[in-house]
Amino acid sequence: MTTAVAPVAADAAGRESAPGRRRPRPRLAPHRRREALFFYLFISPWAIGFLVFLLGPMIFSFYLSFTDWDSFTAPVWVGLDNYITLLTDDPIFLKVMGNTAFYSLISVPLGMVVSLFIANLLNKKVRFRKLFRTLVYLPHLIPIVAVALIFQMVFAPEAGPLNQALALIGIEGPNWLMDSRWVKPALILMSLWQAGGGTILLLAGMNGIPKELYEAAEIDGASGFRQFWSVTFPQLTPVIFFNLIMGIIGSFQVFAQVFILTGGGPDNASQMAVPMLFDEAFRFYHMGYGSAIAWILFVVIMIFTAIAFATSGRWVFYESEVRS
């Protein structure tokens, strides 16, 4: 009996270990198959939306960037001509990218500093603190089109409240939106209006800082500024990093402010990458040229984002992280 079973077992083991043979996949139990079905059913709206409205258009846009297409006739393949023209033979595009970079490099750090300053003030125990927090966050909820129309009146050269306030201290205010020297600073000032979003995130981060850290700092005789710099700021660096990434992406995609207030003028002094993309693709019907602008902008955003991530290890602190 023993001799009959041993060859069979050995043969079975040999079949299992034979090279090139794959074990049959175990069949799922009925309740597991039902769970898998419900999983794919519930994610299908997102998956279909992602494929139809994001991934599909991105692939099509990448193809169009190598063509000349007016949206009505068949696309004509031109290879790298759109990219070569943009980078070497289109002075307007180079000026636009310079405007966009200037806006981003000034508005993002300035907005982060303002948000941090306001959050630190609102974190103190003062009367009507909840009311002040609500008032700071409310501008973030206003649609950007309404904000642009409000600032169109704020920046009015004669009747605008900003120039009237400057006149009270003897300063003649400029024509903010029609002067090439002041139009970008005006857009940067406008970007501070919606700093409430970053402020709320910083406030949430401040509320999560353990009180024991401040108590230990007080025992060591640390001043208020020293407590902020040595306790509050390091604990907030993950939130600051998040605000930085979102600020970079948002600033390079600025559109409504320019489109409504200036139209890119005067003399392209306020023209940004996305409004130029819109003009080329949907006003002049240079869809291939506009797609090339979109992909160059995508690469620029990825480069700045990658730099932020590469340098984050030097200044972003996580409580669970152990550094040597």
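The values are calculated or read from the model by the stated rules, or taken from the named source; none is laboratory data. If you're wondering where the values come from, they're calculated on a predicted model, not measured in any experiment. So basically every Cβ, Gly included, is an ideal-geometry build from the backbone, and we count neighbours across all protein chains shown. Just the protein is used for accessible areas: all its heavy atoms, side chains included, with ligands, DNA and RNA removed. Shrake-Rupley method; radii C 1.70, N 1.55, O 1.52, S 1.80 Å.
Odds and ends about this structure:
- Taking the numbered list (1) outside any helix (DSSP H, G or I); (2) under 30 Å from LEU201 (Cα atoms); (3) touching a residue at least 40 places away in the same chain (Cβ under 8 Å) in turn, ASP179 passes all entries but (2).
- Scanning segment 215-246 for residues being part of a helix (DSSP H, G or I) and more than 17 Å from LEU116 (Cβ to Cβ) gives a total of 5.
- Within segment 115-128, not a single residue is under 25 Å from THR262 (Cα atoms), part of a helix (DSSP H, G or I), open to solvent by 80 Å² or more (accessible area, probe 1.4 Å) and assigned by TED's automatic domain parsing to the domain that holds ILE296.
- Residue match in segment 129-145 (condition: among the polar types (S, T, N, Q), open to solvent by 40 Å² or more (accessible area, probe 1.4 Å) and modelled with pLDDT of 90 or more): no
- Taken together, ASP279, ASP267 contain a single residue that is surrounded by fewer than 16 Cβ atoms within 10 Å (Cβ to Cβ) and in the same structural domain as ILE301 (by TED's automatic domain parsing), which is ASP267.
- If the condition is being of a type in the set (A, V, I, L, M), in a helix (DSSP H, G or I) and open to solvent by less than 70 Å² (accessible area, probe 1.4 Å), then segment 37-86 contributes ILE43, ALA47, LEU55, LEU64, LEU86.
- Annotation: ALA159 fulfils all but one of (1) open to solvent by less than 30 Å² (accessible area, probe 1.4 Å); (2) at pLDDT below 90; (3) of a type in the set (Gly, Ala, Ser); the unmet one is (1).
- Just one of the listed residues (THR262, THR237) is polar (S, T, N, Q) and either in contact with a strand residue (DSSP E or B) (Cβ under 6 Å, 6 or more places away or on another chain) or open to solvent by less than 20 Å² (accessible area, probe 1.4 Å) (or both), and it is THR237.
- Taken over segment 253-277, the residue count meeting the criterion of being of a type in the set (Phe, Trp, Tyr) and either outside any helix (DSSP H, G or I) or at pLDDT 95 or above (or both) is 1.
- The condition of being β-branched (Val, Ile, Thr) and either assigned to a loop (DSSP other than H, G, I, E, B) or touching a helix residue (DSSP H, G or I) at 6+ places or on another chain (Cβ under 8 Å) (or both) holds for ILE301.
- Of the residues making up segment 115-141, those that are hydrophobic (A, V, I, L, M, F, W, C) and without any contact (Cβ under 8 Å) to a residue 60 or more places away in the chain number 9.
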